[in-house]
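**Q** Take a look at this one; I'll ask things after.
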Amino acid sequence: MTAKFVEGQELPGKLIAVEGLDGSGKSTQIHLVKRWLELEGYKVFFTEWNSSPLLRQSVKNGKREQLLTPTTFALIHCTDFADRYERQILPLLHAGYIVLADRYIFTAFARDAVRGCDRDWVKSLYSYAVHPHVTFFFDVPLEMALSRIMSGRAKLKHYEAGMDMGYSPDILQSFKTFQGKMREEYLRMTEEFGFIKIDVGRPPDQLQKEVRGHIQERIDLERYKWKTSR
Amino acid sequence: MENIALTPKKFYGQGLPNVDPEKLNGKLIVIEGADGSGRTTQINLLSDWLERLGYATTRVGLKRSKLVGAELEEAMQGNTLSPITLSLFYATDFADQLEKTIIPALKSDFIVLADRYIYTLMARDIARGVDPAWVREVYGIALVPDAVFYLKAGPELLAERNFKNKGGLDYWESGMDIQRSGDRYECFIKYHRKIQNIFGEMQEHYGFESISAGRAPNTISQDLISKVRFILSPLELNGREE
């Protein structure tokens, strides 16, 4: 077992990530990418930003009992991600898959920066993880994102709404402020990390056409066909 | 040495958001050493001495955080953690204790006795092939202690004491996760030799003091107390000692 950090270009697989605010439509778009690649017969695997079984209980308790500070919030999620990365993402990239990630390390960069963690520290925490070959940032105007989220779900959660930051005692107001700051972080990172910015507000099929075009331009898909018939 | 008592606190790296280390007036004393080096005995004796003089003390150690302590303990029973995950898991455990116990105690002028600190964690990570520069960056949130004492004992002595106290050698403390050959005893010896070498390299950089752990507990304690005296301000000490 070695812990050497791997560079993306050393790996046969490709990593495609989507980032953006809740309600930006990124999950729909990455789902359509997955369907497209599967149906065309490519080796593809989908992974999303959620808890590995390893820390599920701690994350849950930490959130429920509001034990988390910005620093421990950053670290516990980084641990959680490391487990998923070392068990799943990295082996898949070694095995030559196209890995599709619904949110990746940039979600953590944005959230932790908004919470006041040192940006360079957070970046170095995640330096074991390869950067995606292609990262899409789905940019949605704040009001549109909020109205989509509000109609789609029952109740905002404490940390999700940034209530730990003390922006406002009103959870909805706090969520708005938090999302606004998240969007600023994403915009700031767009240049730094070379995100492909997709402006939403068009029908899904039009967005998907643009997304597929970018992928075809950047990845030689023929190399990722299954070698055996399925 | 006398000036140490007046040296303001600082972080190793960028530190923690919203914490001014210079406002932390307590003392942070770290006892490092492998299992079997007599750490716990020494911390007990040291805290007896401090409390007799009227100092308020509190203790921290590995896997003791409210946030992830229990789950980390549980995860280690499974032997399935890879090095980076293990490293970050311990860093989370450390950070929770740093923010929830160490810093509040130092703000209240307590003496914090740390039963191991970031050095054991870093040494374990480095022994597992994790990039030392990365580990140092992760622990840029850590406070520089007022003193670090490293209880040093040969691997053979450590093994003897582990047999005596625990009836056997622990899987992780024998480095079984990173060694392919040899029995548990051989692995333990090799692993601790490696850890000691890493400590040797860190010693210069972090400036901790080696204390020979192969002696009688009371002799070691006297040694330790004579050094701890230096970091307590002379004014405070005045009149407290008989």
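The values are calculated or read from the model by the stated rules, or taken from the named source; none is laboratory data. The model shown is predicted, which means the values in this text are computed figures rather than measured ones. With ideal geometry, Cβ positions are generated from the backbone for all residues, glycine too; neighbour counts draw on all protein chains shown.
**Q** Within segment A:1-23, take every residue that is within 14 Å of another protein chain (Cβ to nearest Cβ) and touching an Asp or Glu at 6+ places or on another chain (Cβ under 9 Å) and give me the one that is modelled with the lowest pLDDT. Let's see the steps before the verdict.
**A** Applying the first criterion (within 14 Å of another protein chain (Cβ to nearest Cβ)) to segment A:1-23 yields A:1-7.
If we keep only those that are touching an Asp or Glu at 6+ places or on another chain (Cβ under 9 Å) too, we end up with A:1, A:3-5.
Details: A:Met1: 39, A:Ala3: 54, A:Lys4: 60, A:Phe5: 71.
Among them, the one singled out is A:Met1.
**Q** What are the residues in segment A:24-73 that are free of Cβ contacts under 8 Å to residues at least 12 places away in the same chain, closer than 18 Å to A:Arg111 by Cβ and more than 14 Å from chain B (Cβ to nearest Cβ), if any?
**A** A:Asn50 - this is the single residue of segment A:24-73 that is free of Cβ contacts under 8 Å to residues at least 12 places away in the same chain, closer than 18 Å to A:Arg111 by Cβ and more than 14 Å from chain B (Cβ to nearest Cβ).
**Q** Another question, if that's okay. Scanning segment B:98-126 for residues that are facing chain A (nearest Cβ under 10 Å) and either touching a helix residue (DSSP H, G or I) at 6+ places or on another chain (Cβ under 8 Å) or among the polar types (S, T, N, Q) (or both), which turns out farthest from B:Val60 (Cα to Cα)?
**A** So in segment B:98-126, the residues facing chain A (nearest Cβ under 10 Å) come out as B:98-100, B:125-126.
Now narrow it down to the ones that are either touching a helix residue (DSSP H, G or I) at 6+ places or on another chain (Cβ under 8 Å) or among the polar types (S, T, N, Q) (or both): B:98-99, B:125-126.
Numbers: B:Leu98: 9, B:Glu99: 11, B:Asp125: 20, B:Ile126: 23 Å.
Among them, the one singled out is B:Ile126.
**Q** Free of Cβ contacts under 8 Å to residues at least 24 places away in the same chain, under 19 Å from B:Gly33 (Cβ atoms) and touching a helix residue (DSSP H, G or I) at 6+ places or on another chain (Cβ under 8 Å): is that true of B:Leu151 in this structure?
**A** Values: free of Cβ contacts under 8 Å to residues at least 24 places away in the same chain: no; under 19 Å from B:Gly33 (Cβ atoms): yes; touching a helix residue (DSSP H, G or I) at 6+ places or on another chain (Cβ under 8 Å): yes.
It is false that B:Leu151 is free of Cβ contacts under 8 Å to residues at least 24 places away in the same chain, under 19 Å from B:Gly33 (Cβ atoms) and touching a helix residue (DSSP H, G or I) at 6+ places or on another chain (Cβ under 8 Å).
**Q** For segment A:131-163, give me each residue that is small (Gly, Ala, Ser) and within 30 Å of A:Arg218 (Cα to Cα).
**A** From segment A:131-163, those small (Gly, Ala, Ser) are A:145, A:147, A:151-152, A:154, A:161-162; that's our starting set.
Within segment A:131-163, just A:Ala145 meets the criteria.
**Q** On to the next question. Surrounded by fewer than 14 Cβ atoms within 10 Å (Cβ to Cβ), in a loop (DSSP other than H, G, I, E, B), at pLDDT below 95 and not polar (S, T, N, Q): is that true of B:Gly182 in this structure?
**A** Numbers: surrounded by fewer than 14 Cβ atoms within 10 Å (Cβ to Cβ): no; in a loop (DSSP other than H, G, I, E, B): yes; at pLDDT below 95: yes; not polar (S, T, N, Q): yes.
It is false that B:Gly182 is surrounded by fewer than 14 Cβ atoms within 10 Å (Cβ to Cβ), in a loop (DSSP other than H, G, I, E, B), at pLDDT below 95 and not polar (S, T, N, Q).
**Q** Give the residue, chosen from A:Thr79, A:Thr71, A:Thr28, A:Thr107, that is assigned to a helix (DSSP H, G or I) and in contact with a Cys (Cβ under 9 Å, 6 or more places away or on another chain). Can you show your working first?
**A** Working: A:Thr79 fails: in contact with a Cys (Cβ under 9 Å, 6 or more places away or on another chain); A:Thr28 fails: in contact with a Cys (Cβ under 9 Å, 6 or more places away or on another chain); A:Thr107 fails: in contact with a Cys (Cβ under 9 Å, 6 or more places away or on another chain).
Every option except A:Thr71 fails the conditions.
**Q** A further question on this structure: Please give the number of the condition A:Tyr85 fails out of (1) closer than 23 Å to A:Leu37 by Cα; (2) part of a loop (DSSP other than H, G, I, E, B); (3) within 14 Å of chain B (Cβ to nearest Cβ).
**A** Here A:Tyr85 clears every test but (2).
**Q** Let me ask you something else. Of the conditions (1) surrounded by 20 or more Cβ atoms within 10 Å (Cβ to Cβ); (2) in contact (Cβ under 8 Å) with a residue 60 or more places away in the chain; (3) farther than 26 Å from A:Asn61 by Cα, A:Ala129 clears all except one; give me its number.
**A** (2)
**Q** Restricting attention to segment B:191-203, does a residue exist that is surrounded by 19 or more Cβ atoms within 10 Å (Cβ to Cβ), in contact with a Ser or Thr (Cβ under 7 Å, 6 or more places away or on another chain), more than 13 Å from B:Gly33 (Cβ to Cβ) and not small (Gly, Ala, Ser)?
**A** Yes, there is a match, as at least one residue in segment B:191-203 is surrounded by 19 or more Cβ atoms within 10 Å (Cβ to Cβ), in contact with a Ser or Thr (Cβ under 7 Å, 6 or more places away or on another chain), more than 13 Å from B:Gly33 (Cβ to Cβ) and not small (Gly, Ala, Ser).
**Q** Check segment A:66-89 and report whether any residue there is surrounded by fewer than 19 Cβ atoms within 10 Å (Cβ to Cβ) and closer than 19 Å to A:Gly180 by Cβ.
**A** Scanning segment A:66-89 turns up no residue that is surrounded by fewer than 19 Cβ atoms within 10 Å (Cβ to Cβ) and closer than 19 Å to A:Gly180 by Cβ.
**Q** Tell me, please, whether a residue that is out of contact with any helix residue (DSSP H, G or I) (no Cβ under 9 Å at 6 or more places or on another chain) and either within 14 Å of chain B (Cβ to nearest Cβ) or closer than 24 Å to A:Thr47 by Cβ (or both) can be found in segment A:132-144.
**A** Checked against the condition, which is being out of contact with any helix residue (DSSP H, G or I) (no Cβ under 9 Å at 6 or more places or on another chain) and either within 14 Å of chain B (Cβ to nearest Cβ) or closer than 24 Å to A:Thr47 by Cβ (or both), segment A:132-144 yields no hits at all.
**Q** When segment A:1-23 is examined, which residues are found to be without any contact (Cβ under 8 Å) to a residue 60 or more places away in the chain and either farther than 18 Å from A:Ala82 by Cα or touching a Leu at 6+ places or on another chain (Cβ under 6 Å) (or both)?
**A** Once the filter is applied, which keeps residues that are without any contact (Cβ under 8 Å) to a residue 60 or more places away in the chain and either farther than 18 Å from A:Ala82 by Cα or touching a Leu at 6+ places or on another chain (Cβ under 6 Å) (or both), segment A:1-23 yields A:Gln9, A:Glu10.
**Q** Give me a count of the residues in segment A:86-121 that are out of contact with any Phe, Trp or Tyr (no Cβ under 9 Å at 6 or more places or on another chain), within 27 Å of A:Asp139 (Cβ to Cβ) and not aliphatic (A, V, I, L, M).
**A** 4
**Q** Can I ask one more? Looking at segment B:189-206 only, could you name the residues that are in contact with a helix residue (DSSP H, G or I) (Cβ under 7 Å, 6 or more places away or on another chain) and at pLDDT 95 or above?
**A** Here is the first cut: in segment B:189-206, the ones in contact with a helix residue (DSSP H, G or I) (Cβ under 7 Å, 6 or more places away or on another chain) are B:189, B:191-195, B:198-199, B:202, B:206.
Within segment B:189-206, B:Ile189, B:Tyr191, B:His192, B:Arg193, B:Lys194, B:Ile195, B:Ile198, B:Phe199 qualify.
**Q** Something else: Give segment B:87-97 a look and list any residue that's within 9 Å of chain A (Cβ to nearest Cβ) and either surrounded by fewer than 24 Cβ atoms within 10 Å (Cβ to Cβ) or among the polar types (S, T, N, Q) (or both), or say none.
**A** Across segment B:87-97, the qualifying residues are B:Ser87, B:Thr92.
**Q** Also, I was wondering about something else. Do any residues in segment B:45-72 that are at pLDDT 95 or above have Cβ atoms under 7 Å from those of residues that are in a loop (DSSP other than H, G, I, E, B) and not aromatic (Phe, Trp, Tyr), where the two are at least six apart or on different chains, and which pairs are they?
**A** Pairs that qualify, where the first residue is at pLDDT 95 or above and the partner is in a loop (DSSP other than H, G, I, E, B) and not aromatic (Phe, Trp, Tyr), are B:Gly61/B:Arg116; B:Leu62/B:Arg116.
**Q** Every residue in segment B:66-86 that is surrounded by 24 or more Cβ atoms within 10 Å (Cβ to Cβ) and more than 8 Å from chain A (Cβ to nearest Cβ), please.
**A** Correct list: B:Leu86 only.
**Q** Separate question: Collect the residues in segment B:166-195 that are among the aromatic types (Phe, Trp, Tyr) and closer than 18 Å to B:Ala153 by Cα, keeping them in residue-number order. Let's see the steps before the verdict.
**A** Going through segment B:166-195, the residues among the aromatic types (Phe, Trp, Tyr) turn out to be B:171-172, B:185, B:188, B:191.
Residues satisfying the conditions are B:Tyr185, B:Phe188, B:Tyr191.
**Q** So is B:Leu151 buried (at least 19 other Cβ atoms within 10 Å of the Cβ) and within 14 Å of another protein chain (Cβ to nearest Cβ) or not? Lay out the reasoning, then the answer.
**A** Numbers: buried (at least 19 other Cβ atoms within 10 Å of the Cβ): yes; within 14 Å of another protein chain (Cβ to nearest Cβ): no.
Here the answer is no, as B:Leu151 does not meet what is asked.
**Q** Which one of these does B:Tyr150 not meet: (1) among the hydroxyl-bearing types (Ser, Thr, Tyr); (2) within 18 Å of the chain's Cα centre (by Cα); (3) assigned to a helix (DSSP H, G or I)?
**A** For B:Tyr150, the exception is condition (3).
**Q** From B:Asn25, B:Asn18, B:Asn79, grab the single residue that is at pLDDT below 90 and over 30 Å from B:Lys164 (Cβ atoms).
**A** Numbers: B:Asn25 fails: at pLDDT below 90; B:Asn79 fails: over 30 Å from B:Lys164 (Cβ atoms).
Being at pLDDT below 90 and over 30 Å from B:Lys164 (Cβ atoms) holds for just one of B:Asn25, B:Asn18, B:Asn79, which is B:Asn18.
**Q** Right, another one. Filter segment B:16-61 down to residues that are of a type in the set (A, V, I, L, M, F, W, C) and more than 24 Å from B:Ile195 (Cβ to Cβ) and give me whichever is nearest to the chain's Cα centre (by Cα). Please lay out each step first, then the result.
**A** As a first pass, look at segment B:16-61 and keep what is of a type in the set (A, V, I, L, M, F, W, C): B:16, B:19, B:24, B:28-31, B:34, B:43, B:45-46, B:49-50, B:53, B:56, B:60.
Of the ones still in play, those that are also more than 24 Å from B:Ile195 (Cβ to Cβ) are B:16, B:19, B:24, B:45, B:49-50, B:53, B:56.
Working: B:Leu16: 20, B:Val19: 22, B:Leu24: 20, B:Leu45: 16, B:Trp49: 19, B:Leu50: 18, B:Leu53: 24, B:Ala56: 19 Å.
Looking at the filtered set, the residue picked out is B:Leu45.
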